[in-house]
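The values are calculated or read from the model by the stated rules, or taken from the named source; none is laboratory data. Everything numeric in this text was worked out from a predicted model, so none of it was measured. Cβ placement follows ideal geometry from the backbone for every residue including glycine, while neighbour counts extend to all protein chains displayed. Ligands, DNA and RNA are excluded from the accessible area calculation, which covers all protein heavy atoms including side chains. Shrake-Rupley method; radii C 1.70, N 1.55, O 1.52, S 1.80 Å.
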Amino acid sequence: MSGLQLVVVTGATGAVGRHVVRRLAGTARVRLIVRDADRARALGLTGDGEGGPEVVTADYGDLERLRPAMEGADAVFVVTANPLRPEHDEHIVAAARGGGVRRAVKLSWLAVADPAADDLVARWNRRAEEVLRRSGLDWTVLRMRSPMSNTLAWAATIRAEGVVRAPGGDARTPCVDPRDVADVAVLALTCTGHEGRTYALTGPRPLSPREQAQVLSRVRGTPVTFEELTPEQALANWLRKLPAPVARALAEAAVRRAAGGAEDVEDGVRAVTGRAPGTFETWAADHGDLFR
Ligand SMILES: NC(=O)c1ccc[n+]([C@@H]2O[C@H](COP(=O)([O-])OP(=O)(O)OC[C@H]3O[C@@H](n4cnc5c(N)ncnc54)[C@H](OP(=O)(O)O)[C@@H]3O)[C@@H](O)[C@H]2O)c1
């Protein structure tokens with residue numbers, strides 16, 4: 001471990017960021033940039049008093065609030081989430097450079113590596129990676145497949161009706177345990193040797209939503225039925241929750257997955273951590289209460 005003193009974590013309330021915060025505890029001073037401090041507190045991220053992370057509230061859209069949040073930090077974990085606001089990555093990088101940050105580790109999407117992926121989210125992630133690579137910081141990019149925690153979106157209907165409704169029931173993808181991605185992120189943030197590296201992070205084997213529902217059935221001890229949504233139904237659902245260009249990008253990604261475009265298993269987790277990535281069975285067992 002290098003002698004890092006202060007790590008800034010953006011996206012601390014997100015699927016991977018929350019585990020990065022927990023793993024950094026005790027190895028570095030941690031400063032969270034969140035837009036809702038209550039949310040961070042509710043997730044147990046802020047600690048009790050002395051030694052717990054410092055919390056700065058700032059929106060990525062507000063460069064002037066981001067600047068002081070980076071002051072004096074050694075490294076930053078970069079998570080952005082709005083493809084309609086590409087300036088967010090530019091703001092984080094500008095604030096990091098201005099604040100004297102040396103190292104940046106960025107969460108991205110493995111679809112970036114697929115030349116056939118030309119949806120809005122893939123193009124935005126590609127551009128955001130480029131912003132980092134050109135930043136002059138020591139960068140590391142973590143391209144992940146879908147985090148296993150995406151299945152938490154099914155928890156409400158599983159608990160209420162024992163049903164999963166999703167498109168592409170047989171479309172396999174090697175979803176990854178977000179705790180593994182966090183392990184890789186913490187090593188890249190706190191150790192040398194990861195500068196200029198791009199890691200492809202997947203779970204150990206491709207699984208379809210239908211197979212994931214079967215695993216969740218076993219974890220619950222009661223059946224979970226899979227009801228396939230048509231592409232049109234899925235798009236209508238996404239349009240209810242998301243801006244139209246983002247909803248359409250998710251629909252395009254679903255088409256690629258259905259054609260087998262997201263099936264490949266990659267070895268990034270093992271290459272960085274020295275151990276095999278966790279299985280969906282283990283993740284589901286560890287989060288079983290959320291589905292009961
Ligand atoms: N989700 C997937 O299936 C998936 C799969 C592969 C790769 N990825 C990639 O992973 C990255 C993260 O995406 P995600 O949607 O999955 O993230 P996420 O886990 O939902 O986390 C997003 C984080 O960013 C914070 N955030 C969002 N907008 C912000 C703003 N304007 N100012 C300050 N904080 C803000 C959120 O805070 P709040 O708690 O305040 O919202 C949250 O902590 C993206 O590059 C994405 O393409 C995602």
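Take the solvent-accessible surface of the protein heavy atoms, probe 1.4 Å, and return the percent of it on region 181-292 that carbon and sulfur atoms account for. Mind showing how you got there, number by number?
Values: 2950 of 5600 Å².
After summing per-atom areas, the C and S share lands at 53 percent.
In terms of overall dimensions, region 100-179 has a Cα radius of gyration and Dmax of 16.5, 52 angstrom.
Max-minus-min Cα coordinates of region 225-292 on each principal axis give 41, 31, 22 Å, with the largest extent listed first. Net charge in the neighbourhood of residue 24 (other residues with Cβ under 15 Å of its Cβ; Lys, Arg +1, Asp, Glu -1) is +4. Taking the chain as a Gaussian network of alpha-carbon nodes connected by springs under 10 Å, the highest mean-square fluctuation of the residues 86, 115, 209 belongs to 115.
From the convex hull of the Cα coordinates of region 49-108, what is the mean projected area in square nanometres?
Numbers: hull surface 17.8 nm².
Over every viewing direction, the Cα hull of region 49-108 projects on average to 4.4 nm².
Leaving out ligands and nucleic acids, note down the accessible area per residue over the chain with a 1.4 angstrom probe, in whole Å². Intermediate values should be presented prior to the final figure.
Working: 13140 Å² over 292 residues.
With the other protein chains kept in place, the chain gives 45 Å² per residue.
Computed from the alpha carbon atoms alone, the convex hull of region 145-257 holds 134 Å³ per residue.
Dividing the mean sequence gap of close Cα pairs (under 8 Å, 6+ apart) by how many residues the chain holds gives a relative contact order of 18 percent.
If you bin all the Cα-Cα distances of the chain at 10 Å, starting from zero, the percentages per bin are 6, 27, 35, 24, 7, 0.
If you run the Gaussian network model on the chain, springs between alpha carbon atoms under 10 Å, then out of 188, 247, 113 the most flexible one is 113.
Do any trypsin sites (Lys or Arg not before Pro) in region 257-290 lie in a DSSP loop with no more than 11 other beta carbon atoms within 10 Å, and if so, which? Walk me through the numbers on the way to the answer.
Values: sites: 257, 270, 275; in loops: 275.
For trypsin sites (Lys or Arg not before Pro) across region 257-290 that sit outside H, G, I, E and B with at most 11 neighbouring Cβ atoms in 10 Å, the list reads 275.
In a DSSP loop and with at most 15 other Cβ atoms within 10 Å, the trypsin sites (Lys or Arg not before Pro) in region 1-80 are 35.
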